[in-house]
Amino acid sequence: RAGDAIIPCVLIGLSWGRIGCFMNGCCFGKVTTVPWAVQFPLDSPAFYKHQNLKLLATDASSSLAVHPAQFYATVLAVLTVLILLWLQGKKKPDGTVLTASALIYGIVRFVLEFFRDDDHREVTHAGAPVLLRDRRAEEALGREFLDQVLRHQQIFAVDFLRARRDLVLRELAGGVTG
């Protein structure tokens, strides 16, 4: 129940974090010509990447136009929250909202990777930087999280079925002896 209640708040926090990513210029998208493309200023991660790849003129003051992947992530996180809030209003077993969020986030993250172009992401935990230099490591962490959620749901389902079986057996036993 706690996970079901907390996960929408986590996703709202994630959406705010992506706005911060936009302001920082990290987590940027691939070069594009779409009308809503954005350019990042000198000294931004996108600018440095394009400069290192020799895609910019020496006197360039901004990156090439890129997909605003951070805003895509923000919008998709908010849509996910709306879906989860709708799901919370329905009568569902505990853990359903948490499981749905893990599945939806996995799909969203998979789709977003087609638009993102940043190579390295730095994650800080308790002030100690941890570099995730390989997307495969991130994907493995995501798979591990999803496996844990699904394992929890399987345990819940087995417990629910056992309890239901015991209840039916008690009712049958009561009906036979009564």
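Nothing in this text is a laboratory measurement; each read-out follows from the coordinates by a stated rule. Keep in mind that this is a model prediction, so the values were computed, not measured. With ideal geometry, Cβ positions are generated from the backbone for all residues, glycine too; neighbour counts draw on all protein chains shown.
I want to check the label-to-label distance for Ser61 and Phe114. Put each point 7 Å from Cα in the C-beta direction and report it in nm to one decimal.
Taking the two extended label points, one gets 3.6 nm.
Under a point spin-label approximation (7 Å from Cα along Cα-to-Cβ), what is the Arg165-Lys92 distance to one decimal in nm?
2.7 nm
Extension gain Val78-Ile12, at 0.36 nm per residue separation less the Cα-Cα distance, in nm? Mind dumping the intermediate values first?
Details: separation 66, 0.36 × 66 = 23.76 nm, distance 0.66 nm.
Here the answer is 23.1 nm.
Would you work out which of Phe114, Thr99, Ala73 lies farthest towards the positive end of the dipole of the range 15-117? Charges go on Cβ: Lys and Arg +1, Asp and Glu -1.
Comparing the listed Cα positions along the dipole, Thr99 ranks first.
Quick one: if you take sqrt(5λ) for each eigenvalue of the C-alpha gyration tensor of the range 49-98, what semi-axes come out, biggest first, whole angstrom?
On the way: eigenvalues 386, 19, 5 Å².
For the range 49-98, the ellipsoid semi-axes come out as 44, 10, 5 Å.
With no solvent and one equal point scatterer placed on each C-alpha of the range 11-66, evaluate the Debye formula and give log10 I(q)/I(0) for q = 0.15, 0.22, 0.29 Å⁻¹, two decimals.
-0.43, -0.81, -1.15
Work out, in µm²/s and without decimals, the Stokes-Einstein translational diffusion coefficient of the range 1-126 at 10 °C, 1.306 mPa s, Rh from Kirkwood over C-alpha pairs.
On the way: Rh = 16.0 Å.
In µm²/s, the coefficient rounds to 100.
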